[in-house]
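The next block holds one structure in the form of structure tokens; read it before the comments.
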């Protein structure tokens, strides 16, 4: 009996989910390890959720937040994935899903007086953007 056939295995379910995801016409991208906190990136991502891609690009171009640049790069990459691999129409694309997940925190030490040290937390985030066609 192989490990894939055991009653507690998720192999068959994971394989089915992967196949269903491939069959869907969605342009998706995951921009990882952005050196900006998830909280700050969420403020920018909330601006583009549900908008058409052209409108979202316009919003991100005029946005002055630091997180706008990696979000714009991720959006353009998702657009390229949708048009090149899934053969979707660029004019009918919209941001179906946009979320930000917390990445690992880089911990650094800052020397202080009397031999003490403060911890500096350099937070990272992962941005996930999914595009779909409007009907």
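For region 26-41, give me each residue that is more than 23 Å from residue 87 (Cβ to Cβ), surrounded by fewer than 16 Cβ atoms within 10 Å (Cβ to Cβ) and in contact with a strand residue (DSSP E or B) (Cβ under 6 Å, 6 or more places away or on another chain). Passing the criteria: only 32. The strands (runs of 3 or more DSSP E) found wholly in region 7-119 and carrying at least 2 residues that are more than 19 Å from the chain's Cα centre (by Cα), on the phi < 0 side of the Ramachandran plot and modelled with pLDDT of 95 or more occupy 106-111. Only a single item in (1) closer than 19 Å to residue 132 by Cβ; (2) crowded, with 17+ Cβ neighbours inside 10 Å; (3) touching a helix residue (DSSP H, G or I) at 6+ places or on another chain (Cβ under 8 Å); (4) in contact (Cβ under 8 Å) with a residue 24 or more places away in the chain is not met by residue 74, and it is number (3).
The values are calculated or read from the model by the stated rules, or taken from the named source; none is laboratory data. It should be emphasised that the depicted structure is a prediction, and the values quoted were computed from it without experimental measurement. FYI the Cβ positions are ideal-geometry reconstructions off the backbone, even for glycines, and counts take in every protein chain you see.
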